[in-house]
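The values are calculated or read from the model by the stated rules, or taken from the named source; none is laboratory data. Remember, it's a predicted structure, so these values are computed and weren't measured experimentally. Here the Cβ positions follow ideal geometry from the backbone for every residue, glycine too, while neighbour counts run over all protein chains shown.
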Amino acid sequence: METSGMMAVARGRHVVFGTGPVGAVLARVLHETGRTVVSIPVNEYGSDPIQATVMRGDAADFEFARRACEGAEAIYLCLSGPADEWEAQFPPVVDNAIEVAAAVGARLVHWDLAHMYGPTRDPIDESVPNTAKSGPARVLIEQADKIIDATWTGKIDGVIGRSPDVYGPGAIGPEFGSSFGGRVFWPALEDTEITLVGDVDSPRSMAYVDDVAHGLMTLGEMSDSGGHIWHLPCAPPVSPVELASMVIGQARSNADVGTTPRHLRGCALLQLKIVRADIGEVQHELHALDRPFFLDHSRFTSAYGQVVTEHEEAILTTLAWFT
């Protein structure tokens, strides 16, 4: 990874809230670069990173979280779970993390998903208004606003790292921020039909989980990143059909890709939303599934650089994890 800009001293203790795929990979990359890492599970969605000291307790409890974060230089919020649980789970943890970051003097780095923009133009940069109206999208907006407001008022040093949907080892379902992974990799490996949702021919930004983790680590160490939202770097947009075809080819699979005629896609999305429970997990982003979705990360790369993983390499690594 190539970086430039103002570097803060951030080689000491780092605390990661959340042990889903993004949190687990972040713990690994922090460990690999010489940090002491503490991971705090927030819910049952995830697994314990072997590179971190795992502390169990109520992530929304101030005294527990303060003990876990004492002496930390950076605190990372990598929260995941089913979208219909965000409203109950996320706000207490974010509120507590703000108070703890203020108490211990640590930078607060928050990862979220780019589901808050609503129907808009492409490419989408950080200046695009948050117009999505669904409950899960509003939860994301409110938590990001809290952190930015607390930073601009001088209470904490906070920063937001925002990504499109992720995929990669462990990121195989919507509870982990991936509406693509589980829908493609399992069927490809089992030689069954892959069912894609929405406009499957238009390019979409999708992020490899390791690239997301490296971007968050960069935001944790760059002293001039605070108080802002940053789109995290990812490989160039590709269509879901193209990415699924890459998976099928590299898996040497006989799977077929099921698609819907363009003039019927709106009806198909509505039908899927009604009859399939797993679509309920991504209904808050259906507005972005029926059109191109290009998340512009040029502001980040202009400031700090970052070499991203090409989709072909990311798919190989993900398939190796499955097998």
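Residues checked against (1) farther than 18 Å from Y76 by Cβ; (2) aromatic (F, W, Y); (3) part of a strand (DSSP E or B); (4) in contact with a Ser or Thr (Cβ under 7 Å, 6 or more places away or on another chain):
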{"residue": "G215", "(1), (2), (3), (4)": "no, no, no, no"}
{"residue": "T218", "(1), (2), (3), (4)": "no, no, no, yes"}
{"residue": "S225", "(1), (2), (3), (4)": "no, no, no, no"}
{"residue": "W230", "(1), (2), (3), (4)": "no, yes, yes, no"}
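Does any residue of the stretch 8-26 turn out to be modelled with pLDDT of 95 or more and surrounded by fewer than 17 Cβ atoms within 10 Å (Cβ to Cβ)? No: the stretch 8-26 contains no residue that is modelled with pLDDT of 95 or more and surrounded by fewer than 17 Cβ atoms within 10 Å (Cβ to Cβ). In this entry, R183 is excluded by the filter for residues that are under 18 Å from P292 (Cα atoms) and of a type in the set (D, E, K, R).
Within the stretch 243-250, is even one residue touching a strand residue (DSSP E or B) at 6+ places or on another chain (Cβ under 6 Å), assigned to a helix (DSSP H, G or I) and either surrounded by fewer than 24 Cβ atoms within 10 Å (Cβ to Cβ) or not assigned by TED's automatic domain parsing to the domain that holds A101 (or both)? Within the stretch 243-250, one or more residues are touching a strand residue (DSSP E or B) at 6+ places or on another chain (Cβ under 6 Å), assigned to a helix (DSSP H, G or I) and either surrounded by fewer than 24 Cβ atoms within 10 Å (Cβ to Cβ) or not assigned by TED's automatic domain parsing to the domain that holds A101 (or both).
Take the conditions (1) outside any helix (DSSP H, G or I); (2) free of Cβ contacts under 8 Å to residues at least 60 places away in the same chain; S202 misses just one of them, which is (2).
Against the numbered list (1) under 21 Å from P21 (Cα atoms); (2) outside any loop (DSSP other than H, G, I, E, B), A235 comes up short only at (2).
If you go through the stretch 134-171 and keep only what is at negative phi and without any contact (Cβ under 8 Å) to a residue 24 or more places away in the chain, you end up with R138, D145, D149, T153. Can you tell me how many residues in the stretch 39-51 are at pLDDT below 95, surrounded by 20 or more Cβ atoms within 10 Å (Cβ to Cβ) and in contact with a Lys or Arg (Cβ under 8 Å, 6 or more places away or on another chain)? Count: 1.
To keep it simple, each residue is scored yes or no on (1) without any contact (Cβ under 8 Å) to a residue 40 or more places away in the chain; (2) touching a helix residue (DSSP H, G or I) at 6+ places or on another chain (Cβ under 6 Å); (3) more than 24 Å from H214 (Cβ to Cβ); (4) not acidic (D, E).
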| site | (1), (2), (3), (4) |
| --- | --- |
| L26 | no, yes, no, yes |
| R66 | yes, yes, yes, yes |
| A88 | yes, no, yes, yes |
| V104 | yes, yes, yes, yes |
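Residues of the stretch 113-136 that are out of contact with any strand residue (DSSP E or B) (no Cβ under 9 Å at 6 or more places or on another chain), among the hydrophobic types (A, V, I, L, M, F, W, C) and closer than 21 Å to F90 by Cα: A132 alone.
The single condition from (1) modelled with pLDDT under 95; (2) closer than 27 Å to G12 by Cβ; (3) part of a helix (DSSP H, G or I) that R183 fails is (2).
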